[in-house]
Amino acid sequence: MFLLFFVLAQGVIDDVDVVNSTDLIEKSEAVHTIVQAPPTQIYTRDRANDAGGGIVVFWKKSEDDGAGRESVIEYHIYRGTEADGDFELVGTAKAGDTSYTDITTRDGTPYYYQVKAFDGEQHSSAAVSEAAYSSAQWFHTGRISMLIATILISTFVVWFINKAKRGHELYIRPIAGLEAVDDAVGRATEMGKPIMYVPGILDMDNIQTIASMIILGRVARKAAEYETAILVPCTRSIVMSAAQEMVKEAYLEAGRPDAYDADKIQYLTDDQFGYAAGVDGMLLREKPGAIFYLGGFYAESLILAETGHSTGAIQIAGTAQPSQLPFFVTACDYTLIGEEMFAASAYLSKEPLLLGGLKGQDWGKAIIIFLILVGVLLVTLGFTDVIGWLSTGQ
């Protein structure tokens, strides 16, 4: 009797297990057939402030993104050229993202997009966006601040040029190195020694060399007036040709074309330290009374300046190379620092066009610095919306 009861009870338990197992399988299959809620409100926009080739796709994230029964792990973005045609995967976005930028488009071509939620196994359904086109923008709205700065500087430059043309005297801060040019040439003349002018080691495609040629014209004119020889050793053949023309024109303006000697302006070598050795040899042989180092210099600057200092000559240097300025300041009597050398043409010639440009740029820079200070104050006081609009245009 007991054995019969045990067999019947075991059969009931097995039947229950089978029923429970079947229910679990059905529930599991039901779970895996659940499809994630799709992203909605899909729309597109041409990417702003670019040169073309970019479209931004936006969507409202899926309701199952981080909160549903099957959490979304990423979004897949598909693209096609026809609304009812084939779509290809062009990119993915992380869960929680609501936009994607497609930078592989061609301007003028219509594109349609689909965004599907993905849980690692299956995709949601997706609607098709409206046709989108990419194009280039004429103006970068994030550069409004640069536009304002350009307008300000241009306005000041034009105003000061007109003011100089009307005969108004424009004040330019005295530059000691340029004021000493006449004294240096006069000293060499009194001592009966030549002048040495070193235009640097860079070619004529460098702005420092161009500025150096302008100053050379002024120095050569003074040398012609005082009947003092001027030596110009060059490390570039084109620089030598330009220097010869500058010096020749200076002698013509001074009324002494017969005193011009093209052999005094010579090419040494393109090698950096070979040129430094050649110039040092000339310094020790010729013993010039005044030496000018104006242009682009590198490691040879201290070698030249020390040798020139040992000759007892007055030395005037100028360069825009920050790493070489300390050597010139130490070994030379006067040093033109950066922009001072570039301003030499306006300072020495007193030409209204150059003076107006120089003065206008200085005032423009002053206004920009003032605006920066105002911006810092606005940010400090919490007016960040104004600064955001000026910097990004949005």
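Some notes on this structure:
- When Met146 is tested against (1) closer than 30 Å to Ala37 by Cβ; (2) surrounded by fewer than 18 Cβ atoms within 10 Å (Cβ to Cβ), only condition (1) is not met.
- Hits in the range 212-223 - residues which are among the hydrophobic types (A, V, I, L, M, F, W, C) and crowded, with 22+ Cβ neighbours inside 10 Å: Ile215, Leu216, Val219, Ala220, Ala223
- Residue in the range 165-175 that is surrounded by 15 or more Cβ atoms within 10 Å (Cβ to Cβ), among the aliphatic types (A, V, I, L, M), out of contact with any strand residue (DSSP E or B) (no Cβ under 9 Å at 6 or more places or on another chain) and not in a loop (DSSP other than H, G, I, E, B) present: no
- Residues that are surrounded by 13 or more Cβ atoms within 10 Å (Cβ to Cβ) and under 42 Å from the mean Cα position of the chain (by Cα), drawn from the range 253-269: Glu253, Lys264, Ile265, Gln266, Tyr267, Leu268, Thr269
- Some residue of the range 65-74 being under 17 Å from Ser124 (Cα atoms), modelled with pLDDT of 90 or more and surrounded by 19 or more Cβ atoms within 10 Å (Cβ to Cβ): no
- When residues of the range 85-123 are limited to those that are aliphatic (A, V, I, L, M) and in contact (Cβ under 8 Å) with a residue 40 or more places away in the chain, the one nearest to Val72 (Cα to Cα): Ala117
- Hits in the range 270-291 (condition: part of a loop (DSSP other than H, G, I, E, B), crowded, with 17+ Cβ neighbours inside 10 Å and out of contact with any Pro (no Cβ under 6 Å at 6 or more places or on another chain)): Gly289
- Entirely in the range 320-364, the helices (runs of 4 or more DSSP H) that have 2 or more residues that are among the small types (Gly, Ala, Ser) and surrounded by fewer than 21 Cβ atoms within 10 Å (Cβ to Cβ): 344-349
- Hits in the range 77-96 (condition: farther than 17 Å from Thr44 by Cα and more than 40 Å from the chain's Cα centre (by Cα)): Asp84, Gly85, Asp86
- Selection within the range 176-202 - surrounded by 15 or more Cβ atoms within 10 Å (Cβ to Cβ) and either assigned to a loop (DSSP other than H, G, I, E, B) or of a type in the set (Ser, Thr, Tyr) (or both): Ala180, Thr189, Lys193, Pro194, Tyr197, Ile201, Leu202
- Of all residues in the range 224-234, none satisfies being polar (S, T, N, Q), in the same structural domain as Pro288 (by TED's automatic domain parsing) and touching a Phe, Trp or Tyr at 6+ places or on another chain (Cβ under 7 Å).
The values are calculated or read from the model by the stated rules, or taken from the named source; none is laboratory data. Just so we're clear, the structure is a prediction, and the values are computed from it rather than from any experiment. No Cβ is skipped: glycine too gets one built from the backbone with ideal geometry, and neighbour counts run over all protein chains shown.
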